[in-house]
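Contents: one structure, followed by commentary.
The values are calculated or read from the model by the stated rules, or taken from the named source; none is laboratory data. Everything numeric in this text was worked out from a predicted model, so none of it was measured. Glycine gets a Cβ as well: all are built from the backbone with ideal geometry, and neighbour counts include every protein chain shown. Side chains are part of the model used for accessible areas, which takes the heavy atoms of the whole protein and leaves out ligands, DNA and RNA. Shrake-Rupley method; radii C 1.70, N 1.55, O 1.52, S 1.80 Å.
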Amino acid sequence: MSEVLVLVDHAEGVVKKPTYELLTLARRLGEPSAVFIGTADAAGAVKDNLARYGAEKVYVVDDADIKGFLVAPKAEALAQLVEKTSPAAVLLTSSPEGKEVAARLAIKTSSGLITDAVDIAEGGITTQSVFAGNYTVTAKVTQGTPVITVKPNAATPQEHTGAGVVEEFAATISEAARTAQIVASQPREKSGRPELTEAAIVVSGGRGTGGEFAPIEALADALGAAVGASRAAVDSGWVPHSYQVGQTGKTVSPQLYVAAGISGAIQHRAGMQTSKTIVAINKDDEAPIFELVDLGVVGDLHTVLPAATEAIHHR
Ligand code: FAD
């Protein structure tokens with residue numbers, strides 16, 4: 001059975017959840033192999049977890065040049081690994097970095113590229129939501145090694161013990177790939193909440209909050225969720241732009257999306273309509289958001305959200 005390479009998305013050695021989702025999806029196409037770009041020590045610390053979610057092999061690319069530069073060396077290392085292993089596909093997370101690495105890799109290997117898949121079926125057929133969510137497209141790469149980026153939460157990580165055999169891979173990084181050096185990198189302030197695009201649950205607030213995000217945050221914290229917002233809330237200066245969900249904000253696809261005081265404009269839907277379960281709280285029973293919900297609550301969010309939060313705390 002062919003290998004399927006999965007680029008491990010990690011921050012300072014902590015593997016992000018979407019990587020385990022990719023390993024689960026990779027098994028539909030062949031034998032998952034994780035590609036860890038970082039130090040051998042860091043790889044050693046995470047290899048058991050990667051194996052637990054199905055990695056038969058863990059390729060370690062330990063090269064200081066890769067860490068010190070932006071994405072080009074990563075793409076180069078992956079391309080060399082593709083040449084060596086002739087995998088059935090390469091899967092990456094649909095993060096800005098993942099997509100850039102994927103694009104460069106596809107060019108280097110003369111392969112077809114599919115971005116932002118929300119599912120991958122056997123045979124490598126992907127599902128995507130395009131044109132602001134107006135179409136669902138199934139697609140398949142027909143040339144080279146399929147390079148596919150997958151949105152977080154596309155699959156539930158499933159334990160499937162793999163051998164997790166560590167193999168060091170010495171990549172040759174060209175001068176041409178060392179053109180953009182990282183001069184400084186500062187970790188972002190952490191809120192203690194999950195990253196919006198990776199969270200399994202997102203609670204978002206809109207103009208209907210009137211700028212009062214405390215009930216949104218309280219429910220989010222009770223659920224271990226990330227906080228999102230509509231553009232109206234962001235433009236009003238109530239929350240930072242990094243919270244914005246939608247066409248000109250972030251695209252999320254969590255297991256559960258709670259929209260409170262959000263009308264459901266097409267541009268907002270574009271960023272959240274592939275969520276697995278959608279719940280809306282709106283005091284207008286004709287709000288368009290109710291067209292796409294699994295559960296709708298007609299009511300004032302300032303009453304409904306605290307009641308829901310209290311009920312969760314009492315469980
Ligand atoms: P509104 O549409 O004003 O809706 C507020 C809702 O809150 C109403 O349905 C109301 O009934 C309800 N409400 C009021 N009070 C309460 C209460 N106490 N309890 C419960 N419900 C209450 N928007 C995005 O979100 N993301 C984007 O990325 C985005 N990109 C855009 C790009 C372009 C090019 C354009 C033109 C627009 C974009 N927009 C985007 C804006 C979008 O069109 C809407 O204007 C915006 O989504 C509206 O935000 P809202 O739902 O919070 O506000």
Any chance you could get the radius of gyration and Dmax over the Cα atoms of the range 161-315, in Å? 19.3, 61
Using a/c under 1.5 as the rounded threshold, could you call the range 88-190 rounded, prolate or oblate? The axes a ≥ b ≥ c are square roots of the C-alpha gyration tensor eigenvalues, and prolate needs a/b larger than b/c, oblate otherwise. rounded
With a ≥ b ≥ c taken as the square roots of the eigenvalues of the C-alpha gyration tensor of the range 57-102, please select rounded if a/c is under 1.5 and otherwise prolate if a/b is larger than b/c or oblate if it is not? oblate
Extent of the chain along each principal axis, from alpha carbon coordinates, in Å, largest to smallest? 59, 39, 39
Which percent, to the nearest 5, of DSSP beta bridges fully inside the chain are antiparallel? 20
Sorted by accessible area (1.4 Å probe), largest first, how do D285, D62 line up? D285, D62
How big is the dipole moment of the range 61-213 about its Cα centre under a simple scheme where the beta carbon of each Lys and Arg is +1, that of each Asp and Glu is -1, and everything else is neutral? Debye, nearest 20, please. 420
As a test, work out the antiparallel percent of DSSP beta bridges whose residues both lie in the range 1-108, rounded to the nearest 5. 15
I266 versus T248, label points 7 Å from Cα toward the beta carbon: distance in nm? 1.6
DSSP loop GluC sites (Glu not before Pro) with at most 16 other Cβ within 10 Å: longest gap in the chain: 13-121
Which of rounded, prolate, oblate describes the range 267-315, given a ≥ b ≥ c as roots of the alpha-carbon gyration tensor eigenvalues and a/c under 1.5 marking rounded, otherwise prolate only if a/b is larger than b/c? oblate
Of all DSSP beta bridges located in the range 61-161, what percent are antiparallel, nearest 5? 55
Calculate the spin-label point distance for D221 paired with T142, positioning each point 7 Å from the Cα along the beta-carbon direction, and give it in nanometres. 5.4
Counting only helical runs of four or more DSSP H residues, what would the 222 nm mean residue ellipticity of the chain come to if each run contributes -39,500 (n - 2.57) and the total is spread over all its residues? -8000 deg cm²/dmol
Around K67 (Cβ within 11 Å, Cβ-to-Cβ, excluding K67; K/R +1, D/E -1) the net charge comes to -3
Please report the carbon-and-sulfur percent of the accessible area for the range 35-119; probe 1.4 Å, protein heavy atoms only, DNA, RNA and ligands left out. 49
Counting other Cβ atoms within 10 Å of each Cβ, which trypsin sites (Lys or Arg not before Pro) in the range 157-217 have at most 15 and sit in a DSSP loop? R188, K190
Measuring from its Cα centre, the range 190-315 shows a charge dipole (+1 at each Lys and Arg Cβ, -1 at each Asp and Glu Cβ) which, in debye to the nearest 20, is 340
Listed here are the pairs K16/K250; K108/K276; K67/K99; K67/K140; which of them are more than 26 Å apart at the Cα? K108/K276; K67/K140
Qualifying trypsin sites (Lys or Arg not before Pro) in the range 223-314, DSSP loop, other Cβ atoms within 10 Å at most 15: K276, K283
Over 12 Å [Cα-Cα, the range 81-121], rounded percent: 60
